[in-house]
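The values are calculated or read from the model by the stated rules, or taken from the named source; none is laboratory data. All values reported here derive from a predicted model rather than from experimental measurement. We place every Cβ from the backbone using ideal geometry, glycine too, and count neighbours over all the protein chains shown.
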């Protein structure tokens, strides 16, 4: 009886997920009409590694039918103290990433676009946990910036 309930539950979940319009996040990006080459990537090394690994799936495959965009990216990450407690120690931080992108293509002149994201965080007691949290925020920033870059290129 227990096996039948498990099988029925799994079957129903598969049916509902199949029919609800769910698609994986980057499944629709397979049909993009452009490719991306990152010519230069300077600035915050950790953020750049996250962004570079995500941009690899849009790498130039020399398809004649697709537009090829070349990107020069300069990133700048700031962790500023937003407020302090009564003893003068940092209480909250403002994390900010700025990406200056120069987009080049055969069909358009070079364009400079600035993408900026910020996030406020409270100071954590453990320095190791805070460092890992900032790393996670940087990875989330790379997802957001990548989505904004792709959206901008899609509009061109």
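If you go through the stretch 74-90 one residue at a time, how many are free of Cβ contacts under 8 Å to residues at least 60 places away in the same chain and assigned to a strand (DSSP E or B)?
Our first condition is that a residue be free of Cβ contacts under 8 Å to residues at least 60 places away in the same chain; within the stretch 74-90, this holds for 74-76, 78-90.
Checking the rest, the ones that are also assigned to a strand (DSSP E or B) come to 74-76, 78-84, 90.
So the answer is 11.
Which number in (1) exposed (fewer than 11 other Cβ atoms within 10 Å of the Cβ); (2) modelled with pLDDT of 90 or more; (3) farther than 25 Å from residue 52 by Cβ marks the one condition that residue 88 misses?
Unmet condition: (2).
Inspect the stretch 55-64 for any residue being closer than 19 Å to residue 116 by Cα, surrounded by 10 or more Cβ atoms within 10 Å (Cβ to Cβ) and either modelled with pLDDT of 80 or more or touching a helix residue (DSSP H, G or I) at 6+ places or on another chain (Cβ under 6 Å) (or both) and give the result as yes or no.
Yes, the conditions are met somewhere in the stretch 55-64.
Among (1) exposed (fewer than 12 other Cβ atoms within 10 Å of the Cβ); (2) at pLDDT 85 or above; (3) farther than 19 Å from residue 139 by Cβ, which single condition is residue 17 missing?
Result: residue 17 passes all but (2).
Take the conditions outside any strand (DSSP E or B), in contact with a strand residue (DSSP E or B) (Cβ under 9 Å, 6 or more places away or on another chain) and farther than 14 Å from residue 41 by Cβ and apply them to residue 118. Does it pass?
no
Is it true that residue 104 is over 30 Å from residue 34 (Cα atoms) and surrounded by 11 or more Cβ atoms within 10 Å (Cβ to Cβ)?
On the way: over 30 Å from residue 34 (Cα atoms): no; surrounded by 11 or more Cβ atoms within 10 Å (Cβ to Cβ): yes.
For residue 104, the condition - over 30 Å from residue 34 (Cα atoms) and surrounded by 11 or more Cβ atoms within 10 Å (Cβ to Cβ) - is not met.
Select from the stretch 99-122 the residues that are out of contact with any helix residue (DSSP H, G or I) (no Cβ under 8 Å at 6 or more places or on another chain), more than 14 Å from residue 142 (Cα to Cα) and touching a residue at least 24 places away in the same chain (Cβ under 8 Å) and list them in ascending order.
Those that are out of contact with any helix residue (DSSP H, G or I) (no Cβ under 8 Å at 6 or more places or on another chain), more than 14 Å from residue 142 (Cα to Cα) and touching a residue at least 24 places away in the same chain (Cβ under 8 Å): 102, 104, 105, 106, 107, 108, 120, 122.
Considering (1) more than 19 Å from residue 56 (Cβ to Cβ); (2) assigned to a helix (DSSP H, G or I); (3) in contact with a strand residue (DSSP E or B) (Cβ under 8 Å, 6 or more places away or on another chain), say which one residue 148 fails and leave the rest.
Exception for residue 148: condition (1).
Do we find a residue being modelled with pLDDT of 90 or more, part of a helix (DSSP H, G or I) and either on the phi > 0 side of the Ramachandran plot or under 16 Å from the mean Cα position of the chain (by Cα) (or both) anywhere in the stretch 25-45?
Looking for residues that are modelled with pLDDT of 90 or more, part of a helix (DSSP H, G or I) and either on the phi > 0 side of the Ramachandran plot or under 16 Å from the mean Cα position of the chain (by Cα) (or both), one finds at least one in the stretch 25-45, hence yes.
For the stretch 123-134: of the residues being assigned to a helix (DSSP H, G or I) and surrounded by 13 or more Cβ atoms within 10 Å (Cβ to Cβ), which is farthest from the chain's Cα centre (by Cα)? If you could, list the steps in order and put the result at the bottom.
Within the stretch 123-134, the subset assigned to a helix (DSSP H, G or I) is 127-134.
Those still in the list that are surrounded by 13 or more Cβ atoms within 10 Å (Cβ to Cβ) too: 130, 133-134.
Numbers: 130: 20, 133: 16, 134: 14 Å.
So the residue we want is 130.
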